[in-house]
Amino acid sequence: MPNIDRRSFLTLVGAGGVGAGAGFMLSESRKHPVEHLVPYPVPPEEFSPGIATWYNSVCSMCSAGCGISVRTREGRAKKIEGNPAHPVSQGRLCALGQSGLQALYNPDRITGPLVRAGRRGELEFDPATWEESLAELANQLELMRTAGRGGGVALLTGGVRGHLASLLELFMSWLGSDQLLHYDFNHPATLYAANERFFGESELPYYDIENSRYVLSFGADFIGHWLSPVHHGLGFGRSRQARDGIRARFVQIEPRMSLTGAAADEWIAANPGTEGILALGIARRIVDQGGYQGADLDAWRAALDGYAAESVAEQTGVAADTVARLADSFAETQPGLAIGGGATGNHSNGVDALVAVNALNHLVGNIGVEGGVIFNPPPAFGPTASRQAGLSRMLELAEDARAGRIEMLIVSNTNPVFNLPEAAGFAEALADIPQIVSLSTFLDETTAQADLVLPSHTYLESWGDDAPSPGVGFRVGAVSQPVVEPLYDTRATGDIVLELAHRMGLDLAFPWPNMEEYLKYSWREVWSSGTPDPAIPDFDTFWTSVVRAGVWGDETRAPGGEFAPDAGVVDGIGVGAPEFAGAEGEFPYALHPYLSNGLHDGRGANLPWMQELPDALTGVVYGSWIELNPVTAEELGLSEGDVVAIESPAGSIEAPVLVYPAIMPGVVAMPIGQGHEQYGRYAHEHGVNPIDVLAAQTEPGTGALAWAATRVRLVPTGGRVDLVKVGGDSRELGREIVQIADAGTPAAAGAPTVASATDAGAAVGIDVPAVGAEAAMANTRLNSIPITVVNT
Amino acid sequence: MQRRHEDIKFADVNNDIVRSLVETGPRYYVTLAIAVLITLACFFFPWFYQLYYGIGAAGMNHPTVWGTYLASFIFWIGLSHSGTLLSCVLHITNSEWRKAMYRSAEAMTLFSLMVAAMMVMVHVGRPWFIHWALPYPNQMELWPNFRSPLMFDVMAITTYLTGSSIFIYMGSIPDFAAVRDRTTGWRHHMYVLLSLGWRGTDTEWHRLGWAYTFLAVLIIPLAVSVHSIVSWDFAMSIVPSLHQTIFAPYFVVGAIYSGTAGIVTVMFVLRKYMNFEHYITKVHFDNLGKLLLALSLIWTYINVVEVFTGWYSNDSAELESLRYKLFGFYAPLYWEMILFCAVAPLLLISKRFRTSFVPMLILSIAINIGMYTERFLIVGTSLSRQYLPDSWGVYVPSLVELSILVGSIAMFCTLFLVFVKIFPSVSIYEVKETLPAPDEGKTQWQATH
Amino acid sequence: MSLIDDFLARWHEYRRPGYYEEFDYHWTMTVDLDRCTGCEACVTACQAENNTPIVGEDAIARGRHMQWMRVERYWEGEYPDVKLRAIPMFCQHCDAAPCETVCPVSATYHNQDGLNAQIYNRCIGTRSCAVYCPYEVRYFNYNNHHWDEPLDQQLNPDVSVREKGVMEKCTFCIQRIRQAKDAAKDDGRRRVQDGEVQPACVQTCPTEALVFGDRKDPDSAVSLMLGNERAYTVLEELNTDPSVVYLKKVDADAA
């Protein structure tokens, strides 16, 4: 041992410490990231390194069907923006739509076919090959088909439109099954029913917010997530500050202030489920004041007899003079627009309430006029009959499963195990289905129950098309094209179906080798249906142009005709008192679940951008909470972060309290979207799913889940958590941060209008050349969609 | 064997002080080893972790991007103040009592400045590029930003460090020579180098005296400016409750205050453990106590002014900042600070208190705890409550930060422990000036015998 | 002595009155609060465009969110007369920016386009700029961030990914401005036209509440907006001279 005395030792220790520090710093300062040079002797034809390529496509993150332009560099998707030429999005896009990239590049995607190895739900899968899995599956299907048991196959898919929907229809009809169901938690089935009843229209109408001067919205969070939020947002902005001297007034009626309620000029809380009664109260006042002079005035008087101001005020909790004021200003300010949806439509009296809202539009003559309700033409293509399944239809499916009538369930792009109330017993019913095949991109709760997983492409890797619904008052079609090479060993849903058909020997019925060819074949029909255009001599030119522009359609809205409701409709108008699951004494609070802005019905929960997007009204991230009015919270002795059990007749969940200043005292609200047990690392173990405690209550007319019709009680658990949220104090303290102009301030002249919105395309134009100069030009023009083949 | 100050002989001075350098007991080594180990374990280890992980190892967050590191930085800069500044002031005013304590006080300055510099390294996000804050010619023609108060800081602290180093070194030269003549071996060689060939001629003494006084005069405004400039890091921002004209005097007074308290602590330790009982006496504690009392009153006054400035502004941001400081999340710390720095020092009115060693030690430590709290509050409260209420936040230091705080104290101790074995920690020649000349003694001796 | 001549020449140039106000462009953004709904589409657009990291739940719990664009929410009144005022808050690109003076290494500076630019490579992480910024729009990299593979494939190659210890903030999408300028130059044009460049947030805003452009062009959309009587700047009393101008929200029921 070397001779080291104490002093040398200490010296060495000291020097060593300093030396280590210095050495570390030196290495830190000299550290460079390792870079790999990628040789690119022959770059692929479509891109040149360093230059972005833009592909137009269609967003599939929600059902609005916005046109998108995807920016790619070196074969990777970098950013999604709205397609300026698409009349729905007009160059704009919401947060969820932009996060589509994170669905594409999600680390938790299923990378190849899987076959269940363990028991169901245990997530033990063995990798498989497409060849084997498809051969096996096709064989099974073919055996069932030839044995006449094709009806035992059920296909459950998310809301799908366009030619993929047609293809699924065709496939199921060849199998001989009518169990083709679309399931979306937020499908506005009651709105369809109400329009059918009152207007006799099977399509959703176009709400011309842009040109309206008064928007009266009953429960529809149309800016947040309802139907077509981006398009509604455009209309909202333009109706406020794009017309000289005209600024539309927005009134939002809902028990809990949504994003739309916050943006509105006036937010009115009516007792949950009584919005329809309020609408009829307003209607009665309009009729009483002589605002309606139709031939069937007497029928209206009779129908509205029971809706005198006092009784309406008593039922809704909205003061009688407020009702009168709303009625008078709504009748006065033309054109105006009444919109109903959201919780209003998803209550036990949903259809009646929405009919009442439609009636308001009729009474003030807002139907078929600019700034009012404009009827949409039938979709340009795709099946028109809705396959959307409400809760009762799903219960039937579950019943069929329990009775052994379902031999195979194919699930595609929908997650009913998460999105149906536990009380519906759907998850249990799955156990009685011998074979479950999932065509999901992600391992969600439903896919976890599957026996065979055939992972599908994301929409950014697939061919498809879409006719948005609701449309914009004229026919629009859009083609969705792959913007990147598939990342994994996955296949497009359409290709899987076609491949199955081929392997089943149905080549003659399905003569198309793949989805792209099927689309081309189908669009040939679209092309030939229009007036010939000398600039478009053949189909290939047409197809190329449509794919480049990402959109095709008409230019102008069809003029609206006179509208009068069918005889008998008026007599049937009336909204009953809402019925809740759970007695008021036992369950004192009405539960108001709502779709969250970013997570939507839960599909956004696996996108880290959406998890980190602060909730638009509360700033909470990564979690669930229950909103209480300050008065309610005080009564219960609760403050932010106190964990309560939310108990309904159907179940119980726990969530921390958030004191929310804009909710009715008797109502508690919870966002939907969290509480995933599966669905990848970003989704699971965050928050709870309020759908779990919903009673299996339906709207009787449609069988749709009445998700706003459950009562709950709150039981403090004594637990406390810190709600993770951004933001500090929510009061301005007179610092004039958000300054307010008074009502006399004229609407902005020179504010961006439709014209400057088109400039949005020019911004895209920087990088557009790779798409082609022609498409770039098309991108800059909004209302002139490049190829018009149909005259209206 | 207690000797009175008057009994000390010239030879005793040399003997005592050289003994303190040469004779080292095991207790010293144990103390040093502990200090070094704590420095390594509590300062360097967490710091290296932080370098690896990022500043996120500390507890700072979005509104409160500065934390204890910066508070520690101000604290150490403050502590540095009384040493050299006090020494200079007292030198110019010819205070006799200064002479036994100034060497260690100056050392304190030096080491706290070094620790403060380390705190800067710990504070910044990328310390491996800290040299970019220095103005050196480079081919990119990139210079630091001379408009930045932080840049002023770099300049001021560097100058102060240089000035203080020269000052302490210059004052030690005759002592090095004295020690040189009484040591052998490697020590002798070291002191040969350090004493720069000092022979003690009249010319040398004359020049030393002149240069020493010159430096003392130079350093006083420098020291005042250093802490004024540190205050500008804050006062030149527009953060509510920081953007105040009183900040410069506030910081300077606070610095001298905490520095003086620091001297009391160090004096106590030297006196107790280096056997300097007869050099550092009640007189020193009494005088330092008076100084502390005066400083505490000024400091209290400025604090009251600060509160009134905020209150009278009637500005939402200022008022909220004030309210938060007095009654918000950090309020216990605020009242602790008031107790330690404004109320407790009133005890110093009593002479008995001032001349009692242990109570003085406790008070001096309490004052420094209070002063550390003050610095923490300056950073913590004001940054947590700024203009946009939706961006308010709360900052709580992390374990790494607290550990580095402890480690920085240990680092200071380590440096000081090394110092007392190299520098004569009590000035040999100046102490002699306070003693009766040997000739007088000889005459007396002859007269009595 | 050419060195001295050079120095004097520059000295006189820099001291010419108005020198620092002369920008090539003066990029400005207006935010119409009457249009803004607080939907946060801009937040995600910014995050996608600028490689802003996904920080995770724990980091947000510790107050370390990184989104350059945030929506601040202020409640007014009590139920039932309660209103939410939302305001997008991001770097205001002040022409008298407090953050620029304080950076000891000039890592943040005012560029010739009137932008408050941040040089990540130069930043040493004193965080003083974040202290000096009254709008709290500077975000610090408390640690290295990573993207779970293959999420990293989405990263925008035009924007650098920042490392630990570096301050970052909204740049008005300077990479897009550069591209627009290059495109203008390639076209043989001297200036970028109005509407040719838009930051990601402006591009995506569904309500068209955000307008971006060159204030020096009197006909640009943004110049028109600046003329609106509702225009104001946040924390005007601090004299930071922001390049982000807000348009007051209209309260239809206010007198």
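Structure notes:
- Relative contact order, percent, chain A [alpha-carbon distance under 8 Å, six or more residues apart]: 18
- Charge dipole of the protein assembly as shown about the Cα centre (unit charges at C-beta), most positive-ward option of C:Pro104, B:Leu339, C:Leu84: B:Leu339
- Restricting attention to chain C, close to 85% of DSSP beta bridges with both partner residues there are antiparallel.
- By the Kirkwood approach, averaging reciprocal distances over each pair of separate Cα atoms, chain A gets a hydrodynamic radius of 28.3 Å.
- Here segment A:565-617 is treated as an ellipsoid with the same Cα gyration tensor; its semi-axes, largest first and in whole Å, are 36, 22, 9.
- Counting only alpha carbon atoms, the long axis of helix B:357-384 and the longest principal axis of chain B meet at about 30°.
- All-pairs alpha carbon distance profile, segment A:169-319, 5 Å steps from 0, percent: 2, 8, 12, 15, 18, 17, 12, 6, 4, 4, 2, 0, 0
- Contact order normalised by residue count of chain B, Cα under 8 Å, 6+ apart, percent: 33
- With contacts taken as Cα pairs under 8 Å at a separation of at least 6 residues, segment B:80-239 carries a relative contact order of 29 percent.
- Accessible area, probe 1.4 Å, largest first, for residues C:Lys249, B:Lys272, C:Lys83: B:Lys272, C:Lys83, C:Lys249
- Extents of segment A:205-276, largest first, come to 37, 23, 20 Å (Cα atoms, principal axes, whole angstrom).
- Rounded to 5, percent antiparallel among DSSP beta bridges of the protein assembly as shown: 55
- Lys, Arg +1 and Asp, Glu -1 on Cβ, resulting dipole of segment A:126-225 about Cα centre, debye, nearest 20: 320
- Straight-line reach from C:Lys249: taking Cα to Cα under 16 Å and skipping same-chain neighbours fewer than 8 places apart, the lysines in range are C:Lys83.
- The average projected area of segment B:370-425, computed from the convex hull of its Cα atoms over all directions, is 5.5 nm².
- Cross-link table B:Lys272/B:Lys421; A:Lys79/C:Lys185; B:Lys290/B:Lys351, entries beyond 18 Å C-alpha to C-alpha: A:Lys79/C:Lys185
- Sites B:Leu196 and B:Trp143, calculated FRET efficiency, Cβ-Cβ separation with R0 35 Å, nearest 0.05: 0.45
- Straight-line reach from B:Lys9: taking Cα to Cα under 19 Å and skipping same-chain neighbours fewer than 8 places apart, the lysines in range are B:Lys99, B:Lys432, B:Lys442.
- Taking a straight line from the alpha carbon of A:Lys78, these lysines sit under 22 Å away, with near neighbours fewer than eight places off in the same chain left out: C:Lys169, C:Lys181.
- Note on segment A:375-454: with charges restricted to the Cβ of Lys and Arg (+1) and Asp and Glu (-1), its dipole about the Cα centre is near 340 debye.
- Angstrom value of the Kirkwood radius, inverse mean 1/r, which spans all Cα pairs in chain B: 23.4
- In the protein assembly as shown, a dipole from Cβ-located charges (positive for Lys and Arg, negative for Asp and Glu) runs towards its positive end, and of B:Ile157, A:Asn361, A:Ala189 it is B:Ile157 whose Cα lies farthest in that direction.
- The reciprocal of the average 1/r between distinct C-alpha atoms defines the Kirkwood hydrodynamic radius, which for the protein assembly as shown equals 36.3 Å.
- Sparse packing (at most 16 other Cβ atoms within 10 Å of the Cβ) combined with a DSSP loop state is found for the following GluC sites (Glu not before Pro) in segment A:74-167: A:Glu122, A:Glu124.
- Ranked from largest, the principal axis spans of the Cα set of segment C:102-244 equal 44, 40, 31 Å.
- Of the trypsin sites (Lys or Arg not before Pro) in segment A:61-124, those whose Cβ has at most 13 other Cβ within 10 Å and which sit in DSSP loop: A:Arg119
- Rounded to whole numbers, the Karplus 3J(HN,Hα) couplings from phi for segment C:129-144 are 4, 5, 5, 6, 6, x, 8, 6, 10, 9, 10, 9, 7, 6, 7, 6 Hz, using 6.51 cos²θ - 1.76 cosθ + 1.60 with θ = phi - 60°, and x at Gly and Pro.
- Residues in segment B:395-405 carry Karplus couplings, in order, of 10, 10, x, 8, 4, 4, 5, 5, 5, 5, 4 Hz; the curve used is 6.51 cos²θ - 1.76 cosθ + 1.60 with θ = phi - 60°, and Gly or Pro positions show x.
- Taking every alpha-carbon pair in segment B:280-373 and binning the separations at 5 Å intervals from zero gives 3, 14, 20, 20, 15, 11, 8, 5, 3, 1, 0 percent.
- Sparse-neighbour loop sites [GluC sites (Glu not before Pro); segment C:9-85; at most 12 other C-beta within 10 Å; DSSP]: C:Glu22, C:Glu78
- Helix-only mean residue ellipticity at 222 nm for the protein assembly as shown, each DSSP H run of n ≥ 4 adding -39500 (n - 2.57), per residue, nearest 500: -12500 deg cm²/dmol
- Separation of segment A:374-396 and segment C:192-255, taken as the distance between their Cα centroids, equals 43 angstrom.
- Under a model in which nothing but the beta-carbon of Lys, Arg (+1) and Asp, Glu (-1) is charged, segment A:491-649 shows a dipole of about 800 debye around its Cα centre.
The values are calculated or read from the model by the stated rules, or taken from the named source; none is laboratory data. Owing to the predicted nature of the structure, the values given are computational and were not obtained by experimental measurement. Quick reminder, even Gly has a Cβ in these numbers, built from the backbone with ideal geometry, and neighbours come from all protein chains shown. Calculation scope for accessible area: heavy atoms of the full protein, side chains included, ligands and nucleic acids excluded. Shrake-Rupley method; radii C 1.70, N 1.55, O 1.52, S 1.80 Å.
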